[in-house]
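So the structure is just underneath, and the comments pick up after that.
Values quoted throughout were computed directly from the atomic coordinates according to the rules given, and no laboratory measurement underlies them. Everything quoted here is computed from the prediction, not taken from an experiment. Heads up, the Cβs are rebuilt from the backbone with ideal geometry, glycines too, and the neighbour counts pull from every protein chain shown.
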């Protein structure tokens, strides 16, 4: 099948960029080489797509009590937490420009999940992300607890996000990431009503798949990877920089090996405020490692979702199988 039939809404451009990475180094196994050439699991010689997410959420955090590395602090009521505000503001002032420059250097495109409040506060940065060729996706209006909203509240919360991103950037988001990955029990029905193509709030697979909804429609899943997330490394202090780089490489190596005989993808999540010089240097070392491998390409999430939707081999699961024991996903509107 021709790539134009497989890839709608822009993947053809991504495939063109892939040529600089795929099949530039020989593999030891002839079978592996033939598998890549045949496009057994992905088209056009792709062996392992890597999907990068940049969370653009400066200013969408709670006014007080948001997590920082500034030490334990219980603010008094109505305290205006200036140090915390500046911790998050770093994403706008320094973090986003720094990571955009690095991605430009490597000719890599990614998906940026944008909080609506952030886009409203910093429209020029949101525009810049899209103007530099990256996908604008939705990330809720702010960090409010989406998980306990009614369907109507959740729909309004997400629609406000979509409207702001579209107004500022000219691009309508079709991919969604709920704050903390936790939408309400109605989230997939709400996303379907709002016309979303995919969401990423699922950590159950290492490949894209389709969820069949109760209304006869479906939504694509481009999975999230919890451990490949810079918050765990830096803000939560689970890893040192060296350990995080090791984890990134180990995850890549495992997925790359499996990609010889099954469809795999890798997801890496970055946050605007964490794109500090030492962290971006770690990420640069990771890029230098993976781009040497045959068949590696960086893909926006919409491109992965569109491929999954149009490939008959994509795994398709009914919503009750993905979320067992949840009663019918009936909307809660009161």
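Odds and ends about this structure:
- In terms of its C-alpha gyration tensor, region 56-131 comes out prolate, because a/c is 1.5 or above and the ratio a/b outweighs b/c.
- Relative contact order of region 189-334: 31 percent, from C-alpha pairs under 8 Å at least 6 residues apart in sequence.
- Under the simplified labelling scheme, the residue 285-residue 318 pair shows an inter-label distance of 4.9 nm, with each label point 7 Å from Cα along Cα→Cβ.
- Cα gyration tensor category, rounded, prolate or oblate, for region 97-184 with a/c compared to 1.5: prolate
- Kirkwood Rh in Å, taken over the chain so that all alpha-carbon pairs contribute: 20.6
- Gain in span if fully extended, residue 203 to residue 250, counting 0.36 nm per residue against the direct Cα distance: 15.1 nm
- Report summary: the helix-based calculation at 222 nm, which adds -39500 (n - 2.57) for every DSSP H run with n ≥ 4 and divides by the residues of the chain, gives -11000 deg cm²/dmol.
- For region 38-92, radius of gyration divided by Kirkwood radius, i.e. Rg to Rh on alpha-carbons: 1.37
- Region 48-102 and region 211-241 have Cα centres lying 19 Å from one another.
- Neighbour counts of other Cβ atoms within 10 Å put 74, 269, 68 in the fewest-to-most order 74, 68, 269.
- Average Cα contact separation per residue, the chain, under 8 Å, 6 or more apart, as relative contact order %: 28
- Per-peptide average of other Cβ atoms within 10 Å, ordering 306-312, 236-242 highest first: 306-312, 236-242
- As a proxy for reagent exposure, ranking 139, 199, 271 by other Cβ atoms within 10 Å from fewest up yields 271, 199, 139.
- Among 51, 184, a tally of other beta-carbon atoms within 10 Å of each Cβ gives an order, fewest to most, of 184, 51.
- Equivalent ellipsoid semi-axes, region 225-284, via Cα gyration tensor eigenvalues times 5, rooted, Å: 23, 11, 10
- Here the contact order of region 92-174, divided by its residue count and restricted to Cα pairs under 8 Å and six or more residues apart, works out to 32 percent.
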